[in-house]
Amino acid sequence: MDVRALHDWLSAHRDLLVADLGELVGLETPSDDPALLARGLDWLETWVGERLGATTRRSLTAGGRHGSALVLEFAGDGAAPVVLLGHYDTVWPAGTLAEWPYTVDGDTASGPGVFDMKAGLVQAVWGLRALAHTGHEAPPVRLVLTGDEEIGSPVSRPVIERACADAAAVLVFEGSASGALKTARKGVGIFELTVTGREAHAGLEPEKGASAIDELARAVLALHALNDRETGTSVNVGLVRGGTASNVVAGRAWAQVDVRVRSRAEESRIDAALTALSTRDSRAGLRIAGGWNRPVMERSEGIAALAALAEAAAGRLGRTLGEAAVGGASDGNFVAALGVAVLDGIGAVGDGAHARHEHVSIPALAERAAVAAAVIGRFARDSRRAGE
């Protein structure tokens, strides 16, 4: 692929990229506001149509009280589609823009959601546009836009899995790790422990009680003992509730647990440990609910091959990307679990996800869009027609 031609064309349209990003960031899309999410998605669909032209297929999955998921398909030259995956919801509540508007300062743009991950969406669309305007062939493309990633993708997960099942490759336009591609992500488990005991007067007849808090405390110690820095496994009991009064043996207690693992083997180890949890007092009971919110994304051969394509494309621009394994999860975790080659972190170069210093590099918008376009173009049947 002629990556330099892609980059030169995108650089010549830098002002339009920055303007598009400003319009998108200027639309607040908090994960908990269906009306604002719907307005944001309407804008996105219209904008995509203006930038890329007609679709061959459109599919909308209504989100209800969450953001909807939209799949837009575009014709191309190839047997299997390349999926471009991104979310338009953000963690920022409505009203944030009033005190923190989209701002361009030299080569930096800032604003709520600019890094996570609205700049990535702009790069994805402009990357496809660059392929068309520089004479490169493109494969069939599915653009998947989701509005519930920040809350665990309860609506969009099945949409993502269906859209990606037959893909030649999937590019996730989440922000980079200080410029690096994200080739491994931890799996995330959210579990709830509910312990039921037997209430009794703590002063008059404590022996008739079975303390749910006592049993939960033992379970917390057992869970925290599962932490393993060498394997990267973290188990954190972050929320605890229980009891009714200090003079009552607690009849009920509850805890929520966050688990992060780097491998499926560790996932299995944690599952076994959770299953083995039990109460010391036979009069008490323990129930575990929840599960793995996102499966592990391990660096597979397919992931490594896509990373190599991106690295080679960046090299033609005199850049080095690098790879990173990160603790946070994304929708890319779902794709990796399908056994489909996925490249995550191909989006913006910047920093401050979920923080007030969230920002992106403006020059990197064109660079990353060109690299993504080069990777996408390699899956066209006639990709060598306009490249090397």
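Residues of the range 330-366 that are part of a loop (DSSP other than H, G, I, E, B), within 30 Å of Pro101 (Cβ to Cβ) and touching a strand residue (DSSP E or B) at 6+ places or on another chain (Cβ under 8 Å): Ser330, Asp331, Gly345, Ile346, Gly347, Ala348, Val349, Gly352, His357, Glu358. Taking the numbered list (1) in a strand (DSSP E or B); (2) free of Cβ contacts under 8 Å to residues at least 12 places away in the same chain in turn, Ala109 passes all entries but (2). Here Val114, Val82 are screened, and the one residue that is buried (at least 21 other Cβ atoms within 10 Å of the Cβ) and touching a Lys or Arg at 6+ places or on another chain (Cβ under 8 Å) is Val82. Of the helices (runs of 4 or more DSSP H) lying entirely inside the range 210-326, those containing at least 1 residues that are under 29 Å from Phe173 (Cβ atoms) are 264-276, 301-315.
Within the range 85-101, the residues that satisfy the criterion of being of a type in the set (Gly, Ala, Ser) and either part of a loop (DSSP other than H, G, I, E, B) or exposed (fewer than 15 other Cβ atoms within 10 Å of the Cβ) (or both) are Ala94, Gly95, Ala98. Within the range 259-291, being under 23 Å from the mean Cα position of the chain (by Cα) and of a type in the set (Lys, Arg) holds for Arg260, Arg262, Arg264. Can you find a residue in the range 66-84 that is in contact (Cβ under 8 Å) with a residue 24 or more places away in the chain, part of a loop (DSSP other than H, G, I, E, B), more than 24 Å from Val144 (Cβ to Cβ) and aliphatic (A, V, I, L, M)? No. Residues of the range 159-192 that are assigned to a helix (DSSP H, G or I) and within 15 Å of Pro295 (Cβ to Cβ): Ile160, Glu161, Cys164.
A short reminder: the numbers here are calculations on the coordinates, not readings from a lab. In this text, all values refer to a predicted model and were calculated from it rather than measured experimentally. Note that we place each Cβ from the backbone using ideal geometry, even for glycine, and neighbour counts take in every protein chain shown.
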